[in-house]
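Bear in mind that the values in this text are calculations on the coordinates, not laboratory data. The structure presented is a predicted model; accordingly, all values stated were derived computationally and were not measured. Cβ atoms come from the backbone with ideal geometry, glycine included; neighbour counts cover every protein chain shown.
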Number of protein chains: 2
Amino acid sequence: MENATLYTQVRPAGGEMTSVLVRDGRIQALGGPAPAGVPVVEGGGALMLPGLIDAHAHLDKTMYGMPWYRNEVGPRLIDKIENERAEKKRLGIDPYRQSARQLVMSIGDGTSHIRSHVDVDTDIGLAAIEGVMRAREQYRDQIDVEIVAFPQSGLLIRPGTLELMDEALRMGAEVVGGLDPAGMDRDPKGHLDAIFGLAQRHGKPIDIHLHEAGELGAFSMQMTIDRVLALGMQGKVTLSHSFCLGMPDTYAVQALTEGLLKAGVHIMTTGSASRPVPNVAKLHAAGVTVCTGNDGMRDTWGPYGKPDMLERTMLVGLRNNFRRDDELDLALHVATYGNAQVMGLSDYGLAPGCHADFVLVDAETVAEAIVSRPPRKLVVKGGRVVARDGRALAEAP
Amino acid sequence: MENATLYTQVRPAGGEMTSVLVRDGRIQALGGPAPAGVPVVEGGGALMLPGLIDAHAHLDKTMYGMPWYRNEVGPRLIDKIENERAEKKRLGIDPYRQSARQLVMSIGDGTSHIRSHVDVDTDIGLAAIEGVMRAREQYRDQIDVEIVAFPQSGLLIRPGTLELMDEALRMGAEVVGGLDPAGMDRDPKGHLDAIFGLAQRHGKPIDIHLHEAGELGAFSMQMTIDRVLALGMQGKVTLSHSFCLGMPDTYAVQALTEGLLKAGVHIMTTGSASRPVPNVAKLHAAGVTVCTGNDGMRDTWGPYGKPDMLERTMLVGLRNNFRRDDELDLALHVATYGNAQVMGLSDYGLAPGCHADFVLVDAETVAEAIVSRPPRKLVVKGGRVVARDGRALAEAP
């Protein structure tokens with residue numbers, strides 16, 4: 001049997017010890033005997049998790065590998081946006097190089113897929129899109145990258161941005177990004193009409209950064225839901241952050257939740273510790289698909305972050321007061337199957353027929369993997385080993 | 001020169017590269033030339049931090065090194081307390097063995113001092129106090145442990161507990177613990193009178209777990225402040241958690257803050273991501289001493305936690321939305337000098353004359369050390385190397 005490997009003594013999702021036969025980049029069978037001539041990799045009882053997914057990254061922004069950036073930035077959102085635009089030029093934050101560095105770290109931590117928002121604005125034009133595309137091409141056998149064209153500096157308030165977004169989507173960006181329709185563009189109707197227009201024209205999904213809190217965020221969220229229903233875009237729209245779902249008015253949150261469910265709008269949460277956040281367990285129980293990601297990492301916005309999605313899962317768990325094992329199983333579900341659903345990945349998981357994207361870690365249970373975050377023992381992508389003992393085999397620039 | 005070592009190429013608190021002369025367990029000089037015959041340890045440009053301090057631990061509870069504990073515990077505080085009391089017996093959570101394991105991990109992570117609350121109740125009596133005392137004696141040259149006699153299962157609602165607390169303090173527990181005067185004992189006046197009575201009789205400080213949120217917590221906090229002022233116990237009382245300081249009523253918080261300052265009451269926060277929390281920057285600016293600790297770790301309450309105080313400092317930073325370098329410097333100040341002040345440590349720090357308790361880490365800045373949490377390169381306690389490359393030299397049982 002060619003192009004095949006048998007992984008023995010592994011425990012998929014923490015279950016019983018079994019073996020996993022991988023062939024031609026896919027999981028072919030679980031628990032069968034070793035076919036003749038197939039090389040065997042001993043898992044040593046390791047926990048096997050499906051490839052981790054980062055459904056909200058900013059690959060073009062990270063400063064990993066650069067000198068320490070002393071953060072003296074002001075407190076408002078606009079302070080951070082303007083500071084970043086200036087610092088990109090001053091410090092030479094190269095989108096290709098920085099994306100590549102983060103990708104290599106992510107591969108080492110067992111991430112098989114990333115959705116990255118990538119800045120599009122009238123200062124840098126499409127340079128960041130081009131840089132991230134170059135990096136994703138370079139590492140295409142080790143990790144999959146989906147690109148969101150993201151109007152970080154505003155869409156309507158910076159004329160020319162809409163045309164650049166259009167061009168980014170023509171170039172191959174897979175998702176239309178948006179940002180605080182009221183708070184940033186000061187024109188919620190205009191902003192939403194513009195990005196839904198782009199989505200319709202290009203036949204692509206939408207992912208909007210919605211930082212707007214409380215009643216303002218609820219207003220923008222409801223306007224989004226209305227457009228999804230009117231345009232028949234169910235299942236194609238994600239609202240990232242959605243801090244408004246953390247507001248105290250539980251009746252309003254309930255009404256929004258019902259709207260999200262009806263419109264098939266997905267919610268991305270990082271489990272931010274310092275903002276109101278969506279309640280993962282309640283959204284999941286209501287039937288809303290929840291996903292998560294690391295967001296910006298070691299950038300001009302803030303110094304935190306590792307590419308490790310197990311650490312992110314822990315932070316989501318801490319924020320949601322998940323203590324029970326079944327609660328931590330849900331947190332991992334969000335970081336794997338939830339993210340896969342939002343990104344529209346097919347044949348994702350550990351069942352026969354799925355792509356052979358998986359991670360082995362030394363942990364007794366899923367919960368232990370999340371709270372201990374051990375170095376990834378082995379990372380397999382498309383049937384190929386791409387990292388060992390916490391380090392990617394690929395090199396970063 | 002005997003009993004001396006020169007540490008060269010180190011950067012105390014991230015400042016200029018210098019050398020540090022250690023003699024007889026204390027820092028003798030910074031920046032001087034190497035005296036004849038003194039062994040030299042090359043720091044390689046590492047950041048030097050004062051010994052990290054965990055000002056709120058539960059050494060007797062951790063399940064590190066035991067089989068994974070599947071958590072199926074109910075949501076209320078009392079569920080967790082009652083579950084723990086039962087599981088201690090069923091699983092044999094040995095206070096000596098478990099304390100020793102956590103101490104060895106803490107030494108490896110650069111912790112020089114721990115304040116540990118230790119359960120006292122009518123089921124286990126003083127067994128946990130005795131177990132932790134045995135462990136601290138065993139590791140006394142590597143780490144300092146202060147013991148709080150802690151009535152985890154309630155003080156007045158379980159007759160006999162007060163007498164056990166009295167005995168624990170006679171045996172050498174350094175601090176009188178308390179727990180939710182209203183929420184747990186259902187008798188705030190009785191509870192506070194009892195623990196202040198113990199403190200007065202034994203001449204010892206107080207550290208109360210105050211989980212009570214909102215107006216109820218504010219009530220218990222004000223009753224505590226009143227007693228501190230009446231009894232002249234300024235500087236001797238800590239209120240741990242103090243979730244009520246995270247309540248929305250900023251006027252009430254301001255009034256409490258003024259009371260805390262006047263009474264010299266310290267506040268301990270873990271930066272809990274799922275509860276309202278005290279605002280570290282505002283309390284510090286007002287002049288209130290803030291401290292922090294890891295709290296329970298891998299126990300029947302929840303699976304989270306590492307003994308790493310740099311990770312705790314990161315979590316405090318994330319919860320307080322600290323992004324700027326000066327904000328992260330404050331977070332580390334809390335985890336070092338703040339904790340030292342609350343525990344009444346003398347000669348703490350990196351100045352000449354201080355105890356030679358310090359940590360070397362490979363990081364460019366304090367902020368980088370906090371967000372990256374690199375393995376501790378070298379840990380020195382009382383002038384002696386106690387850990388290297390993230391591992392304590394001592395063995396755990």
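Summary of computed values
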| item | result |
| --- | --- |
| Chain B Cβ-axis minimum, rotational copy A, residue and distance in Å | B:Ala273, 2 |
| Cα-based Rg of chain B normalised by 2.2 N^0.38 Å, two decimals | 0.97 |
| Residues of the stretch A:273-289 with amide N under 19 Å of a point placed 7 Å along Cα→Cβ from A:Glu215 | A:276 |
| Residue-averaged beta-carbon neighbours from other chains (10 angstrom radius) around A:51-57 | 0 |
| Percent RCO, i.e. relative contact order, over chain A, from Cα pairs under 8 Å lying at least 6 residues apart | 21 |
| Approximate spin-label separation B:Lys262-A:Asp187, in nm, with each point projected 7 Å along Cα-to-Cβ | 5.5 |
| Candidates B:Ser106, B:Ser116, B:Ser346, ranked by Gaussian network fluctuation over chain B, Cα under 10 Å, top entry | B:Ser346 |
| Along each principal axis, Cα extent of the stretch A:253-378, largest first, Å | 44, 40, 31 |
| Shielding by partners - mean other protein chain Cβ count within 10 Å, residues of B:319-328 | 5 |
| Sequence-distant residues sharing a close amide H with B:Val41 (under 5 Å, placed H) | B:Leu6, B:Tyr7, B:Thr8 |
| Charge context of A:Gly183, other residues only, Cβ under 11 angstrom, K/R +1, D/E -1 | -2 |
| Share, in percent, of DSSP beta bridges within the protein assembly as shown that are antiparallel, nearest 5 | 40 |
| Footprinting exposure proxy for A:Met48, A:Met268, B:Met309 (fewest neighbouring C-beta atoms within 10 Å first) | A:Met48, A:Met268, B:Met309 |
| Largest to smallest principal axis extent of the C-alpha atoms in the stretch A:324-397, angstrom | 39, 29, 26 |
| Alpha-carbon centroids, the stretch B:220-291 and the stretch B:1-49: separation in whole Å | 38 |
| Semi-axis lengths (Å, descending) of the ellipsoid that matches the C-alpha gyration tensor of the stretch B:162-232 | 21, 13, 9 |
| Packing-based exposure ordering (other Cβ within 10 Å, fewest first) of B:Asp79, A:Asp60 | B:Asp79, A:Asp60 |
| Anchor A:Lys89: lysines whose Cα lies under 16 Å away (excluding residues fewer than 8 positions away in-chain) | A:Lys61, A:Lys80 |
| Relative exposure of B:Met17, B:Met297, judged by other C-beta atoms within 10 Å (fewest first) | B:Met17, B:Met297 |
| Mean separation of Cα contacts under 8 Å (6+ apart) over length of the stretch B:268-376, as relative contact order % | 25 |
| Hz values of 3J(HN,Hα) by residue in the stretch B:156-163 - Karplus curve (6.51, -1.76, 1.60), Gly and Pro given as x | 8, 6, 10, x, x, 5, 4, 5 |
| Candidates A:Pro35, A:Pro374, A:Pro151, ranked by Gaussian network fluctuation over chain A, Cα under 10 Å, top entry | A:Pro35 |
| Debye intensity ratio in log₁₀ form over the Cα atoms of the protein assembly as shown, taken at each q of 0.08 Å⁻¹ | -0.71 |
| Within a Gaussian network of chain B (alpha carbon springs, distance under 10 Å), most fluctuating of B:Gly214, B:Gly74, B:Gly302 | B:Gly74 |
| Bins of 10 Å from zero: percent of alpha-carbon pairs in the stretch B:205-253 | 27, 53, 20, 0 |
| Charge context of A:Ser240, other residues only, Cβ under 12 angstrom, K/R +1, D/E -1 | -3 |
| Inter-copy spacing of A:Gly232 label points, which lie 7 Å from Cα along Cα→Cβ, given in nm from shortest upward | 8.4 |
| Distances in nm from B:Gln200 to the matching label points in the other copies, shortest first (labels 7 Å along Cα to Cβ) | 7.7 |
| P(r) of the stretch A:131-257 over all Cα-Cα pairs, binned every 10 Å from zero, in whole percent | 13, 41, 31, 13, 2 |
| Proximal lysines relative to B:Lys262, as straight alpha-carbon distance under 24 Å, when same-chain residues fewer than 8 apart are discounted | B:Lys189, B:Lys204, B:Lys236, B:Lys282 |
| ³J(HN,Hα) computed for each position of the stretch B:376-392 - Karplus, 6.51 cos²θ - 1.76 cosθ + 1.60, integer Hz, glycine/proline x | 5, 5, 8, 10, 10, 10, x, x, 10, 6, 10, 7, 9, 6, x, 10, 5 |
| Amide H contacts under 5 Å for B:Arg26, placed H, 5+ residues apart | B:Ala356 |
| Inter-label distance for B:Asp24 and B:Asp329, nm, one decimal - labels placed 7 Å from Cα along Cα-to-Cβ | 3.4 |
| The stretch B:32-44 - phi-based ³J(HN,Hα) in whole Hz, Karplus 6.51/-1.76/1.60, Gly and Pro as x | x, x, 6, x, 4, x, 8, x, 10, 10, 7, x, x |
| Projected label distance in nm at B:Glu395 and A:Glu2, using a 7 Å step from Cα toward the beta-carbon | 5.4 |
| Taking only Cα atoms of the stretch B:11-85, radius of gyration then Dmax in Å | 22.5, 64 |
| Gain on full stretching of the segment that runs from A:Tyr64 to A:Leu229 - 0.36 nm per residue minus C-alpha separation | 55.3 nm |
